[in-house]
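The values are calculated or read from the model by the stated rules, or taken from the named source; none is laboratory data. Being a predicted model, the structure only gives us computed values, none of them experimental. All Cβ positions, even for glycine, are placed from backbone atoms using ideal geometry, and neighbour counts span all protein chains on display.
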Amino acid sequence: MKILLIGSGGREHALAWKITQSSRVEKLYTAAGNPGTEEFGENICIAENNKEALLEFALKEKIDLTVVGPEAPLAAGIADLFEKHGLNVFGPNQRAARLESSKVFSKKLMQKYQIPTAEYKSFTEANKAVEYVKEIGAPIVVKASGLAAGKGVIVAQTEEEAVGAVETIMKDEKFGQAGEKVVIEEFLEGEEATILAFCDGKSIRAMIPSQDHKAVYDGDKGPNTGGMGAYAPAPVVTAQIRKIFKNEIMEPTLGALQSEGIDYKGIIYFGLMIKDGKAKVLEYNVRFGDPEAQVVLPLLETDLVDIMEAVLKEELDKVEIKWKNQKALCVVMASGGYPVEYKKGKEITGIKEADSSADIIVFQAGTRLKDGKLMTDGGRVLAVTALGNSFEEVIDRAYKGAKKIYFADYHIRNDIGRKALEK
Ligand code: AMP
Ligand code: GLY
């Protein structure tokens, strides 16, 4: 099979790593990819949002399966376009992708089908939104409805901060069109977890639970990032929570999509808040999480291409999905200053030394080759992933791995996995 993978982050490096373990894959192309994905195939220089050029490439190269990593091309309807031309594509169509591309849509869906989530109201006018903030008071959460690269959510501790957030989103239009509507939401306490699921439109199967670390500093302090580290399986998702999740959240979400006439094929990412034995949905995404993919995929024993094909054939209920009985944990090495302001173009050394053993994999995200040297090229640069038999082991291994790697001004969190140890 010839596979085209779309995207260029750490998630896509992990997907490339896993996809090419399938004996059925002859050739992998990644658009646009990074130096990490290049080790598993050929990078092609087409931007992830250039769907016409991607279609032309897929038709010309007779691609058997296209796997879409990030949300933006899905929200822009790449799956619809590829399907129209008879191509197999793993990822939801544009209507289905509203689960992530419109928070107003997803909140309404959850409300209509009684899927547990935070209380909310949505607004198209800033002054009405501000009135509501003043009525409810802080803490309160302000969200741009559209896609904002993970930056459109402000968890406000004070009323002033929340009012400021409404103004930045709606008046200063910081996120452009994505901020034409805002969702204002009840603040939920608890511990977060991610459950990814495969969905073929008829059935839905949960993967092992994971936990991201969104804040930039230790102890969940500082602004939110795309994710500074992750581990799996997350012990906060107990057997009881899994059961509740399946019955109250996962199956009802599929039921809701079906009732709305939405044929969902791909990944559903459930961002959950867990407290007192209950789970609520914080958000849906329509793709693998990043860096959750970097810990979940290494624990997947089953051939991922087989699962993706089963999804396209609506035979997901027939595949056996097996997981390694191990733990995985990754530490993200980011550029100093991320997620606010940071510099690119610093030389990276030590990756070979770090991932010389089978239980360490260094996934690349914001990297680029220049004159044969590996340079930083983004906020999140690397995810050092360790596998092992206990959380103590994987924490130790991942941090020892990260220590061997260097680039100027790098930043890591030092407490990835601490919550798992406490359990
Ligand atoms: P979202 O993109 O909607 O998941 O929001 C990003 C992050 O903001 C989440 O991972 C949480 O850490 C936080 N967050 C979102 N909604 C809430 C909420 N209702 N209560 C508390 N924290 C939230
Ligand atoms: N790690 C959070 C996300 O992928 O949205």
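With respect to Arg24, determine if the residue is among the charged types (D, E, K, R), in a helix (DSSP H, G or I) and out of contact with any Leu (no Cβ under 8 Å at 6 or more places or on another chain).
Working: among the charged types (D, E, K, R): yes; in a helix (DSSP H, G or I): no; out of contact with any Leu (no Cβ under 8 Å at 6 or more places or on another chain): yes.
Considered against the rule, which asks whether it is among the charged types (D, E, K, R), in a helix (DSSP H, G or I) and out of contact with any Leu (no Cβ under 8 Å at 6 or more places or on another chain), Arg24 comes out as no.
Tell me which of these Ala118 doesn't satisfy, since it passes every other one: (1) more than 30 Å from Met1 (Cβ to Cβ); (2) touching a residue at least 60 places away in the same chain (Cβ under 8 Å); (3) more than 16 Å from ligand 1 (Cβ to nearest atom).
With respect to (1) more than 30 Å from Met1 (Cβ to Cβ); (2) touching a residue at least 60 places away in the same chain (Cβ under 8 Å); (3) more than 16 Å from ligand 1 (Cβ to nearest atom), Ala118 is out only on (3).
Name every residue in region 202-242 that is touching a strand residue (DSSP E or B) at 6+ places or on another chain (Cβ under 7 Å), in a strand (DSSP E or B) and more than 15 Å from Ala328 (Cα to Cα), in order of residue number.
Residues satisfying the conditions are Ile204, Arg205, Ala206, Ala215, Val216, Lys221, Gly222, Pro223, Asn224.
Regarding Gly150, is this residue under 23 Å from Asn285 (Cβ atoms), in contact (Cβ under 8 Å) with a residue 12 or more places away in the chain, within 10 Å of ligand 1 (Cβ to nearest atom) and in a loop (DSSP other than H, G, I, E, B)? Spell out how you get there, then give the answer.
Details: under 23 Å from Asn285 (Cβ atoms): yes; in contact (Cβ under 8 Å) with a residue 12 or more places away in the chain: yes; within 10 Å of ligand 1 (Cβ to nearest atom): yes; in a loop (DSSP other than H, G, I, E, B): yes.
Against the criterion (under 23 Å from Asn285 (Cβ atoms), in contact (Cβ under 8 Å) with a residue 12 or more places away in the chain, within 10 Å of ligand 1 (Cβ to nearest atom) and in a loop (DSSP other than H, G, I, E, B)), Gly150 qualifies.
Within region 227-239, which residues are touching a Phe, Trp or Tyr at 6+ places or on another chain (Cβ under 9 Å) and within 12 Å of ligand 2 (Cβ to nearest atom)?
Passing the criteria: only Met228.
Table: residues versus (1) out of contact with any Gly (no Cβ under 7 Å at 6 or more places or on another chain); (2) assigned to a loop (DSSP other than H, G, I, E, B).
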| residue | (1), (2) |
| --- | --- |
| Leu5 | no, no |
| Arg11 | no, no |
| Lys18 | yes, no |
| Leu28 | no, no |
| Leu59 | yes, no |
| Pro73 | yes, no |
| Leu87 | yes, yes |
| Ala96 | yes, yes |
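Quick one: would you say Gly261 is within 16 Å of ligand 1 (Cβ to nearest atom) and either in a loop (DSSP other than H, G, I, E, B) or surrounded by fewer than 16 Cβ atoms within 10 Å (Cβ to Cβ) (or both)?
Details: within 16 Å of ligand 1 (Cβ to nearest atom): no; either in a loop (DSSP other than H, G, I, E, B) or surrounded by fewer than 16 Cβ atoms within 10 Å (Cβ to Cβ) (or both): yes.
Criteria not met by Gly261.
Could you tell me which of the residues Ile274, Ile262 is over 27 Å from Leu382 (Cβ atoms) and either within 13 Å of ligand 2 (Cβ to nearest atom) or touching a strand residue (DSSP E or B) at 6+ places or on another chain (Cβ under 6 Å) (or both)?
Values: Ile262 fails: either within 13 Å of ligand 2 (Cβ to nearest atom) or touching a strand residue (DSSP E or B) at 6+ places or on another chain (Cβ under 6 Å) (or both).
Being over 27 Å from Leu382 (Cβ atoms) and either within 13 Å of ligand 2 (Cβ to nearest atom) or touching a strand residue (DSSP E or B) at 6+ places or on another chain (Cβ under 6 Å) (or both) holds for just one of Ile274, Ile262, which is Ile274.
Restricting to region 384-423, give me the number of residues that are charged (D, E, K, R), over 18 Å from Val296 (Cβ atoms) and crowded, with 19+ Cβ neighbours inside 10 Å.
Of the residues in region 384-423, 1 are charged (D, E, K, R), over 18 Å from Val296 (Cβ atoms) and crowded, with 19+ Cβ neighbours inside 10 Å.
Could you go through region 76-89 and let me know if any residue there is polar (S, T, N, Q) and touching a helix residue (DSSP H, G or I) at 6+ places or on another chain (Cβ under 6 Å).
The answer is yes; a qualifying residue exists.
Of all the residues that make up region 286-320, how many are farther than 13 Å from Cys199 by Cα and either more than 16 Å from ligand 1 (Cβ to nearest atom) or out of contact with any strand residue (DSSP E or B) (no Cβ under 7 Å at 6 or more places or on another chain) (or both)? Give the derivation first.
To start, the set of residues in region 286-320 that are farther than 13 Å from Cys199 by Cα comprises 289-306, 320.
When the remaining residues are screened for being either more than 16 Å from ligand 1 (Cβ to nearest atom) or out of contact with any strand residue (DSSP E or B) (no Cβ under 7 Å at 6 or more places or on another chain) (or both), the result is 290, 293-306, 320.
Qualifying residue count, region 286-320: 16.
Pairs needed: first member in region 222-247, without any contact (Cβ under 8 Å) to a residue 24 or more places away in the chain; second member anywhere, in a strand (DSSP E or B) and buried (at least 16 other Cβ atoms within 10 Å of the Cβ); C-beta distance under 8 Å; at least 6 residues apart or different chains.
The qualifying pairs are Gly222/Ala215; Gly222/Val216.
Any residue in region 342-358 that is β-branched (Val, Ile, Thr) and over 19 Å from Ala16 (Cα atoms)? So that I can check it myself, show each step before the final result.
In the first step, residues of region 342-358 are kept if they are β-branched (Val, Ile, Thr); the result is 348-349, 351.
Now drop any that are not over 19 Å from Ala16 (Cα atoms), which leaves 348-349.
Within region 342-358, one or more residues are β-branched (Val, Ile, Thr) and over 19 Å from Ala16 (Cα atoms).
Please tell me if Glu248 is charged (D, E, K, R), in a strand (DSSP E or B) and either under 23 Å from Tyr113 (Cβ atoms) or modelled with pLDDT under 95 (or both). Spell out how you get there, then give the answer.
Details: charged (D, E, K, R): yes; in a strand (DSSP E or B): no; either under 23 Å from Tyr113 (Cβ atoms) or modelled with pLDDT under 95 (or both): yes.
In short, no.
Among the candidates Asp212, Asp200, single out the residue that is of a type outside the set (Ser, Thr, Tyr) and either closer than 17 Å to Val340 by Cα or within 12 Å of ligand 1 (Cβ to nearest atom) (or both).
Only one candidate passes the filter, namely Asp212.
With surrounded by 19 or more Cβ atoms within 10 Å (Cβ to Cβ) and in contact with a Pro (Cβ under 8 Å, 6 or more places away or on another chain) as the only criterion, which of Leu196, Leu99, Leu109 stands out?
Values: Leu196 fails: in contact with a Pro (Cβ under 8 Å, 6 or more places away or on another chain); Leu109 fails: in contact with a Pro (Cβ under 8 Å, 6 or more places away or on another chain).
When all the criteria are applied, what remains is Leu99.
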